[in-house]
Amino acid sequence: MLKTAAAVARLGTESAFEVLARAKQLEAQGRDIINLGIGQPDFKTPDHVVEAAVRALRDGHHGYTPASGIAELREAVAEDLELRHRVTVDPDCIVIVPGGKVTMFFAVLIFGASGAEILYPNPGFPIYESVINFSGATAVPIPLREANGFAFSAEEVLGLITPRTRLIILNSPANPTGGVTPRAEVERLVEGLAARPDIAILSDEIYGQMLYDGREHVSLLQFPEIRERVIMLDGWSKTYAMTGWRLGYAVWPKSLVETATRLAINCHSCVNAAAQFAGIAALRGPQDAVAEMMAAFDMRRRYIHRALNALPGVSCIDPAGAFYAFPNIAGTGIPAKALEVDLLEKAGVATIAGTSFGRHGEGYLRVSYANSRENIEAAIARIGNHLAERAVARRA
Ligand SMILES: Cc1ncc(COP(=O)(O)O)c(C=O)c1O
């Protein structure tokens with residue numbers, strides 16, 4: 001019998017991958033499945049980005065790069081941040097990593113240990129809670145509420161802080177809710193955090209370019225009073241439809257860059273060189289593809305918001321960012337996981353139960369609109385029929 005480390009048993013997972021696997025299995029059996037469970041854009045990476053990677057390979061960029069990423073890419077990231085957030089970032093504080101998740105893992109490993117407390121959004125990206133538990137720290141949920149547009153409440157976050165708090169994880173625009181925290185709330189939090197200079201903040205801004213109806217993205221990098229303890233996570237996966245390339249970055253406080261780089265050296269050495277050249281092309285090249293993708297998401301978002309609200313027992317607030325709707329399904333009387341399973345197995349629609357994102361997700365379903373308008377319409381019709389049949393069966 002192998003004796004694995006106890007920490008391994010504390011690892012959670014991202015059930016979107018499990019739902020995807022089950023959907024593929026059903027498809028292999030000949031079932032027609034519409035996937036609204038997926039957390040990635042249904043668009044291709046822009047051509048000029050793909051070309052840049054091909055060119056890099058042809059030009060012989062086949063070796064290791066510096067562990068924190070090639071200098072030109074880190075400079076391109078700093079330029080992009082200056083343009084988007086009006087902040088000056090030292091390229092030496094940027095560490096390029098294979099995807100957004102890696103920064104999350106590193107940040108939690110740096111601060112998480114037995115006796116430490118880490119605050120994280122709930123419902124939220126499931127890997128936060130999983131990695132906090134893995135690290136041995138105590139995971140303290142920040143409840144996100146529908147009544148608050150799924151934004152965090154600064155007062156509530158500050159109220160959860162104890163002498164053991166080491167790290168606070170924030171995510172706006174958010175997965176799975178599509179919630180966006182308004183500037184005033186962020187400012188209140190920053191003001192409150194001034195009193196606790198020993199607490200680090202991991203700001204997951206991977207959906208920072210995916211906001212609707214003129215909403216503003218507020219980067220935590222914009223606050224000089226906390227800048228030396230903010231780890232800002234971002235990457236190419238969502239904005240440039242590059243989830244499979246595995247390319248992300250963080251802006252680290254000066255005091256942590258060396259540690260983050262050491263973790264990179266211990267873990268993956270560096271990111272695939274060609275992907276890094278693609279990253280430069282994405283940031284410095286034309287942004288039309290991003291605008292086109294966002295226009296398509298916005299149209300689908302408007303449709304799905306209306307359509308979900310027309311379903312029996314379902315209500316849905318206006319999704320403010322990312323590409324997820326998070327309808328309230330309490331009125332159906334069906335627990336989230338049971339509805340997820342039924343919709344997939346019986347109606348042929350993949351969605352993700354709110355509880356996959358933490359216990360505060362009960363009563364909700366994550367519905368991704370990273371699928372074509374036609375497919376979304378067909379999926380909504382299937383969900384509607386399923387709910388109507390369930391209601392009839394219950395009454396009989
Ligand atoms: C909030 C959030 N952060 C980070 C990530 C991870 O992104 P990546 O695929 O680049 O690792 C995701 C992916 O779904 C996400 O939703």
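If you filter region 7-43 down to residues that are in contact with a strand residue (DSSP E or B) (Cβ under 8 Å, 6 or more places away or on another chain) and assigned to a loop (DSSP other than H, G, I, E, B), you find that the one that is farthest from residue 358 (Cα to Cα) is 33. With respect to being over 16 Å from the mean Cα position of the chain (by Cα), within 21 Å of residue 243 (Cβ to Cβ) and modelled with pLDDT of 95 or more, residue 73 fits the description. Considering only residues in region 247-298 that are part of a strand (DSSP E or B) and aliphatic (A, V, I, L, M), the one that is nearest to residue 40 (Cα to Cα) turns out to be 250. Total residues in region 226-241 satisfying the condition of being crowded, with 24+ Cβ neighbours inside 10 Å, near the ligand (Cβ under 8 Å from one of its atoms) and under 18 Å from residue 296 (Cα atoms): the figure is 1. Consider residue 152 carefully, then state whether it is farther than 26 Å from residue 6 by Cα, at pLDDT 95 or above and crowded, with 23+ Cβ neighbours inside 10 Å. Considered against the rule, which asks whether it is farther than 26 Å from residue 6 by Cα, at pLDDT 95 or above and crowded, with 23+ Cβ neighbours inside 10 Å, residue 152 comes out as yes. One residue alone among 87, 77 is surrounded by 14 or more Cβ atoms within 10 Å (Cβ to Cβ), among the β-branched types (Val, Ile, Thr) and not in a loop (DSSP other than H, G, I, E, B), and that residue is 77.
Taking residue 347 as the residue in question, decide whether it is in contact with a His (Cβ under 6 Å, 6 or more places away or on another chain) and either surrounded by fewer than 18 Cβ atoms within 10 Å (Cβ to Cβ) or not β-branched (Val, Ile, Thr) (or both). Considered against the rule, which asks whether it is in contact with a His (Cβ under 6 Å, 6 or more places away or on another chain) and either surrounded by fewer than 18 Cβ atoms within 10 Å (Cβ to Cβ) or not β-branched (Val, Ile, Thr) (or both), residue 347 comes out as yes. Only one of the numbered conditions (1) modelled with pLDDT of 95 or more; (2) more than 18 Å from the chain's Cα centre (by Cα); (3) of a type outside the set (D, E, K, R) is not met by residue 195, and that is (1). When region 252-290 is filtered for residues that are surrounded by 14 or more Cβ atoms within 10 Å (Cβ to Cβ), of a type outside the set (Val, Ile, Thr) and in contact with an Asp or Glu (Cβ under 8 Å, 6 or more places away or on another chain), the ones remaining, listed by number, are 253, 281, 283, 284.
What helices (runs of 4 or more DSSP H) lie completely within region 115-228 and have 2 or more residues being touching a residue at least 40 places away in the same chain (Cβ under 8 Å) and touching a strand residue (DSSP E or B) at 6+ places or on another chain (Cβ under 7 Å)?
Because the criterion is at least 2 residues that are touching a residue at least 40 places away in the same chain (Cβ under 8 Å) and touching a strand residue (DSSP E or B) at 6+ places or on another chain (Cβ under 7 Å), the helices (runs of 4 or more DSSP H) in region 115-228 that meet it are 126-135.
Based on what the data block shows, is residue 310 in contact with a helix residue (DSSP H, G or I) (Cβ under 9 Å, 6 or more places away or on another chain) and aliphatic (A, V, I, L, M)? It is true that residue 310 is in contact with a helix residue (DSSP H, G or I) (Cβ under 9 Å, 6 or more places away or on another chain) and aliphatic (A, V, I, L, M).
Mind checking which residues of region 64-87 are among the small types (Gly, Ala, Ser) and either without any contact (Cβ under 8 Å) to a residue 24 or more places away in the chain or under 16 Å from residue 209 (Cα atoms) (or both)?
Matches in region 64-87: 71, 78.
Filtered by the rule that a residue be more than 14 Å from the ligand (Cβ to nearest atom) and within 18 Å of residue 199 (Cβ to Cβ), region 242-259 gives 251, 252, 253, 254, 255, 256, 259. Look through region 89-132, keep the residues that are over 21 Å from residue 39 (Cβ atoms) and of a type outside the set (A, V, I, L, M, F, W, C), and return whichever of them is nearest to the ligand (Cβ to nearest atom). If we take residues in region 89-132 being over 21 Å from residue 39 (Cβ atoms) and of a type outside the set (A, V, I, L, M, F, W, C), then 112 is nearest to the ligand (Cβ to nearest atom).
The values are calculated or read from the model by the stated rules, or taken from the named source; none is laboratory data. Computed from a predicted model, the values in this text were never measured in an experiment. Note that we place each Cβ from the backbone using ideal geometry, even for glycine, and neighbour counts take in every protein chain shown.
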